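Okay, here's the structure, questions in a sec.
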Amino acid sequence: MAHRIVTLPGDGIGPEIMAPALEVLRAVGEFELEEHPFGGACIDLHGTALTDETLAACRSADAVLLAAVGGPKWDSTDPARPRPEQGLLGLRKGLGLYANLRPVKPMPALYDASPLRRERIEGTDLLVVRELTGGIYFGEKTRTADSASDVCAYTREEIERIARVAFGAARARVSSVDKANVLETSRLWREVVMEVHSREFPHIELQHVLVDNAAMQLVSSPRHFDVILTENMFGDILSDEAAMLTGSIGMLPSASIAGSGPGLFEPVHGSAPDIVGQGIANPLAMFLSAAMMLRHGLRLESEATAVESAVQRALDGGLRTPDLGGSASTSEATQAVLAYL
Ligand code: IPM
Ligand code: MG
């Protein structure tokens, strides 16, 4: 039976990179695809970024493929206005996607596309394991005319399960990133991570790194990292920073997974309102997210590898979209990758 995939093109360049990703998928297999409105596009249609119907469809799918949400049209500081991002957060929470995996492995062909020197980034191969359904993103929020608050909370159980994902994914070392010199949640984080480590993964090296220092080390010695384990907001920030090691944020895929049930696969980048409609969006992070879906979501390892190596060979062959310093359009990039499938 064909795998059922819910596709959420979303906003901005979302639809422009989703369509080519579906071409790539069709080149490696047969899938039952079901598209749903999501984010700002869904606010325009239904007044909310995530409808019950879309959430239900995602729940019963084998995997969910998302492009991007958000845009200036829906930007507002008014807490009463619906926001596209609420759709994404609602979906992560609704599907219980507590583990976000963001691999950062610069491709040799792109070493010179990074703003960092080649010697710095050469050989970098790290994985950001970001906790995705807790912390300050989901704590209680208050707002009056003159004050506002966002609560950052974590439970032992939430930390344990993400720590297990990180240790399980590590080859040699987990760098647990926190702010234990200031935050109470970070002190609990550190305690629980140490417990999981000594009880279940003593053969893996564990180090604790304060988030400010981690931000520095990520550009000064990225090769040092294997798995970076961190909480929701630190992971959000560090993964954008890490993206630049690969040359462009247009290169970074991600997988968000739950203990059971469908995963959500999406590029790390946003909806890029500045280049919408120009046909120049880099679709590679979207293709690589589709590859992560094939591997982690549908257990189609050889199909996943085929997509990844096609992307790599297209880059080796000189493919460069404008974000990588070239002039290839989205459709030229797509053709270049399809040629290797
Ligand atoms: C990401 C994005 C989201 C986040 C936004 C769009 C809510 O930046 O996936 O990294 O902050 O998690
Ligand atoms: Mg982000």
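The values are calculated or read from the model by the stated rules, or taken from the named source; none is laboratory data. Bear in mind that the values here come from a model prediction, so they are computed numbers and not experimental data. In this analysis, Cβ positions are derived from the backbone assuming ideal geometry, glycine residues included, and neighbour counts consider all displayed protein chains. Please note that ligands, DNA and RNA were not included when accessible areas were found on the heavy atoms of the full protein model with its side chains. Shrake-Rupley method; radii C 1.70, N 1.55, O 1.52, S 1.80 Å.
Among (1) within 16 Å of ligand 1 (Cβ to nearest atom); (2) closer than 21 Å to residue 164 by Cα; (3) modelled with pLDDT under 95, where does residue 259 come up short?
Condition not satisfied by residue 259: (1).
Taking region 320-341 only, how many residues are open to solvent by 20 Å² or more (accessible area, probe 1.4 Å) and either out of contact with any Leu (no Cβ under 7 Å at 6 or more places or on another chain) or under 19 Å from residue 112 (Cα atoms) (or both)?
The total comes to 14.
Tell me whether region 79-95 contains one or more residues that are free of Cβ contacts under 8 Å to residues at least 24 places away in the same chain, aliphatic (A, V, I, L, M), on the phi < 0 side of the Ramachandran plot and assigned by TED's automatic domain parsing to the domain that holds residue 259.
Scanning region 79-95, I find at least one residue that is free of Cβ contacts under 8 Å to residues at least 24 places away in the same chain, aliphatic (A, V, I, L, M), on the phi < 0 side of the Ramachandran plot and assigned by TED's automatic domain parsing to the domain that holds residue 259, so the answer is yes.
Just one of the numbered conditions (1) open to solvent by 70 Å² or more (accessible area, probe 1.4 Å); (2) modelled with pLDDT of 95 or more; (3) among the small types (Gly, Ala, Ser) is not true of residue 87; which one?
All conditions are met except number (1).
Which residue is surrounded by the most Cβ atoms within 10 Å (Cβ to Cβ), if the candidates are limited to region 90-103 and must be within 14 Å of ligand 1 (Cβ to nearest atom) and among the small types (Gly, Ala, Ser)?
99
Okay, residues lined up against (1) within 16 Å of ligand 2 (Cβ to nearest atom); (2) polar (S, T, N, Q):
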site	(1), (2)
256	yes, yes
280	no, no
286	yes, no
291	no, no
297	no, no
325	no, no
331	no, yes
339	no, no
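Given the residues 239, 271, which is the only one that is within 16 Å of ligand 1 (Cβ to nearest atom), outside the structural domain of residue 173 (by TED's automatic domain parsing) and under 26 Å from residue 325 (Cα atoms)?
After applying the criteria, what remains is 271.
In region 42-54, which residues are closer than 10 Å to residue 74 by Cα and crowded, with 23+ Cβ neighbours inside 10 Å?
Passing the criteria: only 43.
Can you tell me which of (1) of a type outside the set (Ser, Thr, Tyr); (2) touching an Asp or Glu at 6+ places or on another chain (Cβ under 9 Å); (3) more than 16 Å from ligand 2 (Cβ to nearest atom); (4) within 30 Å of residue 80 (Cα to Cα) is the one residue 235 doesn't meet?
Checking residue 235 against (1) of a type outside the set (Ser, Thr, Tyr); (2) touching an Asp or Glu at 6+ places or on another chain (Cβ under 9 Å); (3) more than 16 Å from ligand 2 (Cβ to nearest atom); (4) within 30 Å of residue 80 (Cα to Cα), the one that fails is (3).
Moving on. Any chance you could count how many residues in region 131-155 are assigned to a helix (DSSP H, G or I) and open to solvent by less than 20 Å² (accessible area, probe 1.4 Å)?
The qualifying residues number 1.
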